[in-house]
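Every number here is computed from the coordinates shown, using simple stated rules; none is lab data. Everything numeric here is computed off the predicted structure, so don't read it as measured data. Virtual Cβ from ideal backbone geometry, glycine too; neighbours counted across all protein chains shown.
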Amino acid sequence: MGLLEKFLQIDRRWIFLAIAIAVVVPFFLPMGLPVVVTKPVRDLYNAVDAIPPNSEPLFISVDYAPSTIPELDPMTLAVLRHAFSKDIRVVALTLDPAGYGLAERALESVAREYGKERNKDYVYLGFQPGIAAVVLGMGTDIKGVFPEDAYGTPLSEIPMMDGIRNYDQIPLLITMASSGVIEAWVIYAHQPYGARIGAGVTAVMATDYYPFLDTGQLVGLLGGMRGAAEYEELIKHPDAGVRGMDSQSVIHVLIIVLIVLGNIAYFGSKKRSQEAKEPAA
Amino acid sequence: MQVTLIWATLAAILTLAVYSFLYKDNPFYKFAEHLVVGVSAAYYLVIYYYNFIDPNVISPIFKLEFGGAPIRILGMQWWMALIPGLLGLLLYARFFPKIGWVSRWALGIYVGGYSGLEIAPVMQARVLDQIRGGSLPLVVPHDPSTSFTNILLVVGLLGTLTYFFFSLKHKGVLGVLARIGIVYIMVGFGASFGYTVMSRISLLIGRVDFLRQVADSWIQWLAT
């Protein structure tokens, strides 16, 4: 068996090991590779930045489950840090039952960092099932859909929510989504009510939502860990997103090398077997 | 020792148990897998019961309150909870073959309602706005970069649409456009693949970062 055939039949566990090393090493030997900010991320940053402090709140819908924490948690934290650092009020909610604790954790931890008070600087509405009904209902009466916050306080008793009736009083709503719920925000909030929607999605979903970006149905888009890293760069608060980008770059180089070697081995061995089959001239 | 460190350590052990599958299937992986399935099922059941079934069906029907919270209006709330609740129950009729057909009533209302809700806005978001977005000027005066991008986009749009136009044979101009279309489709698949790799690797990076944090916490705890 030649070297090419051996390479094609390599035990895939060696590849797993190579990937593991490529991920782990940059954590201990950071390379500090630059993160270039792209337009969709900058657009979302500018949209958040344009919200006046201590006025109508930014809404963040934490629509993801624990399985996508590495990609979407850094985005949520970065956007919350941006908002709180500029004294922008925040209302968080979730349309994913598994997002209930994640939204609360992110909100509470960043609020603590910036000394923000619940029901004064931010409100947590909690989870409400029935995605389409919730998004449509918020277009007419937010307090009808969420009569109470996540801790049982009626919204009518929270001063921060005074005058917040529907999407007309929401300068921007950002959904951090690991599922098609982002489309519900576009279809039921942007289309009928003209709500301004921004989004953070997992990288695997990002290509699906670029058409919404190009048509102005989304204000901005963060795609995967890279999107989070770019946002962290913009707010000058590097965290998990930036920390992961070195490993991400090393892994991509490794995968490109493996793809190239795999193709060389495949076509090389194919050519060799064809030559072996041909009768000697 | 902090309670959070105990939980974090447990989570780290479970993470390693799941990754042990990469070497080969083993009882540690099986244990972690079953634990995830069981905990998830219980979590979703509780969340949905207390956030959906109880406030929208059980409470309005069985815990009627006179002069309660403003949304608990007697009569309206009662009927509005009972009718959808019964329709929901009808869905389970399919488990009984003799009356299984009854479940179609509820399904019919559900499908009809959603279709009515979706058709117009989906048409707007997915078709009309996309046509508007694709209708770009091919020449933008004094802006060669935008002109080039617009030409690329429009050619790609026409090529891809042509590739999926099966009523005429892909020959001549149509054939050229369809061939351009397949190139664009392949580039699209490539971009999707690249993003998918990034997404999956991000999950691994997240776990490695978590394991590192747990190890750091242990070192700090041992040092104190």
Check your understanding: Taking 0.36 nm per intervening residue step and subtracting the Cα-Cα distance, what contour gain separates B:Thr149 from B:Tyr44 on full extension?
Key -> 33.2 nm
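Using only the Cα atoms of chain B, build the gyration tensor, take square roots of its eigenvalues as a ≥ b ≥ c, and label the shape rounded, prolate or oblate: rounded if a/c is under 1.5, else prolate if a/b is larger than b/c, else oblate.
Verdict is oblate for chain B.
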**Study point:** Globularity ratio of the range B:146-224, using Cα Rg and 2.2 N^0.38 Å
**Key:** 2.07
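Given the -39500 (n - 2.57) contribution per DSSP H run of 4+ residues, what per-residue ellipticity at 222 nm results for the protein assembly as shown, rounded to the nearest 500 deg cm²/dmol?
Numbers: 19 runs with 301 residues, N = 505.
Here the helix-only value at 222 nm equals -19500 deg cm²/dmol.
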Check your understanding: Other chains' Cβ within 10 Å of B:120-126 residues: what's the mean?
Key -> 6
Review point. Taking chain A as a Gaussian network, where each spring joins two C-alpha atoms under 10 Å apart, which residue of A:Gly223, A:Gly101, A:Gly163 fluctuates the most?
Key: A:Gly163
Review point. Per residue Cα convex hull volume for the range A:39-238, in cubic angstrom?
Key: 99 Å³
Exercise for review: Treating cross-link reach as a plain straight distance, find the lysines whose alpha-carbon is under 17 Å from the alpha-carbon of A:Lys271, omitting any fewer than eight places away in the same chain.
Suggested key: A:Lys6
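What does the average come to when, for each residue of peptide A:127-134, you count the partner chain Cβ atoms lying within 10 Å of its Cβ?
Working: counts 5, 3, 7, 3, 0, 4, 1, 0.
The per-residue average across the peptide is 3.
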Review point. So what's the net charge close to A:Ala106: Lys and Arg +1, Asp and Glu -1, counting the other residues with Cβ under 13 Å from its Cβ?
Key: -2
Study note, to complete from the structure: One would report the antiparallel percent of DSSP beta bridges in the protein assembly as shown, rounded to the nearest 5, as 5 percent
Review point. Charges only on Cβ, +1 for Lys and Arg, -1 for Asp and Glu: so what's the dipole of chain A about the Cα centre, in debye to the nearest 20?
Key: 940 debye
Study note, to complete from the structure: Partner aspartates and glutamates whose C-alpha sits under 12 Å from that of A:Lys86, ignoring same-chain residues fewer than 8 away, are A:Asp49, A:Asp121
Check your understanding: With charges set only on the Cβ (+1 for Lys and Arg, -1 for Asp and Glu), what does the dipole of chain B come to about its Cα centre, in debye to the nearest 20?
Key -> 720 debye
**Study point:** Inter-chain Cβ neighbour average for residues B:188-200, partner chain, 10 Å
**Key:** 6
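So, R0 is 22 Å and r is the distance between the beta-carbons of B:Trp221 and B:Leu10; what FRET efficiency does that work out to, to 0.05?
0.90
So if the hydrodynamic radius of the range B:1-62 is defined as the Kirkwood radius over C-alpha pairs, what does Stokes-Einstein give as its diffusion coefficient at 4 °C and 1.567 mPa s, in µm² per second?
Details: Rh = 14.1 Å.
The estimated diffusion coefficient comes to 92 µm²/s.
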Study note, to complete from the structure: Along the range A:92-109, Karplus-curve 3J(HN,Hα) (6.51, -1.76, 1.60; θ = phi - 60°) to the nearest Hz, with x for Gly and Pro, reads 10, 8, 9, 10, 10, x, 7, x, 4, x, 5, 5, 4, 4, 5, 4, 5, 5
Exercise for review: Scan chain B and report its longest stretch carrying no chymotrypsin sites (Phe, Trp or Tyr not before Pro) that are both in a DSSP loop and have at most 10 other Cβ atoms within 10 Å.
Suggested key: B:67-163
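Considering only DSSP states other than H, G, I, E and B, which GluC sites (Glu not before Pro) in the range A:60-143 qualify as loop sites with at most 14 other Cβ atoms within 10 Å? Working shown, then result.
Numbers: sites: A:Glu71, A:Glu104, A:Glu108, A:Glu113, A:Glu117; in loops: A:Glu117.
Qualifying residues, ordered by number: A:Glu117.
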**Study point:** Low-density loop positions, trypsin sites (Lys or Arg not before Pro), the range B:149-224 - DSSP coil, at most 13 other Cβ in 10 Å
**Key:** B:Lys169, B:Lys171
Exercise for review: Would you work out the charge dipole size for the protein assembly as shown about its Cα centre, treating the Cβ of every Lys and Arg as +1 and the Cβ of every Asp and Glu as -1, and quote it to the nearest 20 debye?
Suggested key: 1600 debye
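Provide A:Glu5, A:Glu183 in ascending order of the number of other Cβ atoms located within 10 Å of each residue's Cβ, fewest first. Write down the numbers at each step before the final one.
Numbers: A:Glu5 13, A:Glu183 21.
If I rank by nearby Cβ atoms, fewest first, I get A:Glu5, A:Glu183.
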Check your understanding: Ordered by residue, what ³J(HN,Hα) values in Hz, to whole numbers, does the range A:218-232 give under the Karplus form 6.51 cos²θ - 1.76 cosθ + 1.60, where θ = phi - 60° and Gly and Pro are x?
Key -> 10, 6, x, 8, 10, x, x, 4, 4, x, 5, 4, 5, 5, 4
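Using only the Cα atoms, what convex hull volume per residue in Å³ does the range A:11-157 have? Before the final figure, lay out each step's value.
On the way: hull volume 24.8 nm³, N = 147.
In the range A:11-157, the Cα hull volume divided by residue count equals 168 Å³.
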**Study point:** Stretch in chain A that is longest and holds no trypsin sites (Lys or Arg not before Pro) that DSSP places in a loop and that have at most 13 other beta carbons within 10 Å
**Key:** A:1-119
Exercise for review: May I have the convex hull volume per residue, in Å³, for the Cα set of the protein assembly as shown?
Suggested key: 263 Å³
